[in-house]
Amino acid sequence: MPGRARQLHWVQNRRAVALSLLAVLTAGAVALSGCTIDREGARDSGSSASTGEQVADVRHAAPAVSVSDGAEDVNPAEPVVVKSLGEGLSDVTMTNEDGYEVESELSSDKLTWTTDETLGYNRTYTVEATDNNGESTTVVFDTARPSATTTVALSPLADSTVGVGQTIGFRFASQIKDRQAVQDAITITTSPHVDGAFYWLNNNELRWRPEEYWTPGTTVSVEADIYGKDFGGGVWGDSDNATNFTIGDRVEAVVDDSTKTMSVYRNGEVLRTVPVSLGRDTADWATPNGTYIIGDRNPEMIMDSTTFGLGYENGGYRTPVKYATQMSYSGIYVHAAPWSVWAQGSSNTSHGCVNVSTEDAAWFQDTVKRGDIVTVKNTVGGTLSGYDGLGDWNIPWSEWSKGNADETTAR
């Protein structure tokens, strides 16, 4: 595709072609000498003179440049290479339209010159190369000119230890049209090896996860090499990004509305069971069932009902709470609710959150980490959407594994 990935074009003059011709002629001469009677006089008087002319011609060839003169939409992420087809490079410079000289590296044999820094978008570069044989080449080209560029934020953070339910997140600053191009620019390495798949929550947010929860001790590295990549619609990658993380102990919580309790486990062992009060038993406020992924942990925060559309005049609230541990993007938290201690373990009084005592909220926040899992069951609510942002595991693997790179509309 023009402008996506630049093909390697060598700028050569007619004399440079002689190099290939010389190789063919020489090979042919060797083959003939191996299967004919040696006729010294005939061989010397014929082939040696012709070969000598070809060698002389090649020695006077001009340098070859990996970009064609006049090229446009050149990928700035790919290095520019200049090769000597003669006696070695005597001088090579590459400057942009402002006169800035690009950093470079010359091989020890002076036969190959390569750019040693990343080029920029929207630039015009001039390459001037001279060979020791006196021949020279000048090439002028333009790099890609995106309508917009996009960064990508990765999660989890580098060097973090996360739970077995952690999925890998890629959030783009711009909407992506060519989803497959994004996926092709990402490398995920695990030890031990783990198979997984990409899935788009919308046109800005991509996730990757394995079929089952991670095994504790697994190490993961992620590289998003997006600079110089065309993502369609005039949007190109702005800069590369990377992260790495380790899977810690398997910590999970099970919230059961039938008993109004939350049991917390570490590696299969029950650590504590605490009473809870969940979302009110109505279609609007019942806590959704399903699998949640632990997100942010806030020692203190303000809970404001207007963030999910409940105005103060309609029974809404703006309440400071302690030890709020995020379970969903839609605003469900495990948090301290001293005002509902009387109901914890017996009835549901919240607007969807998991209410616990202040002591239990503090203990829970100290016990769990990002990526741990919470399973909610037996409520009268539906199921947490797999597109919530922390509900990835609620999308069946049969659907997730197929991917949706061919879809380009946001949900």
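The values are calculated or read from the model by the stated rules, or taken from the named source; none is laboratory data. Given the structure is predicted, the values throughout are model-derived calculations rather than measurements. As a convention, Cβ positions derive from the backbone with ideal geometry for all residues, glycine included, and neighbour counts pool all protein chains shown. Just so you know, the surface numbers come from the protein's heavy atoms only, side chains and all, with ligands and any DNA or RNA stripped out. Shrake-Rupley method; radii C 1.70, N 1.55, O 1.52, S 1.80 Å.
Scanning segment 188-209 finds one or more residues that are open to solvent by 20 Å² or more (accessible area, probe 1.4 Å), under 30 Å from Thr118 (Cα atoms) and assigned to a loop (DSSP other than H, G, I, E, B). For the criterion of being open to solvent by 40 Å² or more (accessible area, probe 1.4 Å) and in contact (Cβ under 8 Å) with a residue 40 or more places away in the chain, Thr138 passes. Scanning segment 141-151 for residues that are of a type in the set (Ser, Thr, Tyr) and either surrounded by 20 or more Cβ atoms within 10 Å (Cβ to Cβ) or touching a Leu at 6+ places or on another chain (Cβ under 6 Å) (or both) yields a total of 2. Pairs are defined by a Cβ separation below 7 Å, a sequence spacing of at least 6 or placement on different chains, a first member in segment 347-372 that is modelled with pLDDT of 95 or more, and a second member that is assigned to a helix (DSSP H, G or I) and surrounded by 24 or more Cβ atoms within 10 Å (Cβ to Cβ); the pairs so defined are Val356/Phe364.
Among the residues examined, Thr383 qualifies as open to solvent by 10 Å² or more (accessible area, probe 1.4 Å), polar (S, T, N, Q) and within 34 Å of the chain's Cα centre (by Cα). In this structure, is Asn241 touching a strand residue (DSSP E or B) at 6+ places or on another chain (Cβ under 6 Å) and crowded, with 17+ Cβ neighbours inside 10 Å? In short, yes.
Within the bounds of segment 260-270, is there any residue that is open to solvent by less than 10 Å² (accessible area, probe 1.4 Å), in contact with a Lys or Arg (Cβ under 7 Å, 6 or more places away or on another chain), under 29 Å from Arg207 (Cα atoms) and assigned to a strand (DSSP E or B)? Yes: one or more hits.
When Gly290, Gly316, Gly331, Gly295 are checked against the criterion of being out of contact with any Ser or Thr (no Cβ under 6 Å at 6 or more places or on another chain) and open to solvent by 10 Å² or more (accessible area, probe 1.4 Å), Gly331 stands alone in meeting it. If you go through segment 387-401, how many residues are touching a residue at least 60 places away in the same chain (Cβ under 8 Å), at negative phi and in a loop (DSSP other than H, G, I, E, B)? Here the count works out to 6. In segment 290-301, the residues that are closer than 16 Å to Ala361 by Cβ reach residues that are open to solvent by less than 20 Å² (accessible area, probe 1.4 Å) and of a type in the set (D, E, K, R) with C-beta atoms within less than 8 angstrom, at least six apart or across chains, in these pairs: Ile294/Asp372. Would you say Leu154 is surrounded by 18 or more Cβ atoms within 10 Å (Cβ to Cβ) and assigned to a loop (DSSP other than H, G, I, E, B)? Judged against the criteria, Leu154 is not a match. A Cβ distance below 8 Å, combined with a sequence gap of six or more or placement on separate chains, defines the contacts here; from segment 252-270, residues that are among the aromatic types (Phe, Trp, Tyr) reach residues that are open to solvent by 20 Å² or more (accessible area, probe 1.4 Å) in the pairs Tyr265/Arg250; Tyr265/Glu252; Tyr265/Val254; Tyr265/Leu271.
Checked against (1) open to solvent by 10 Å² or more (accessible area, probe 1.4 Å); (2) under 30 Å from Thr149 (Cα atoms), Gly217 passes all but a single condition, namely (2).
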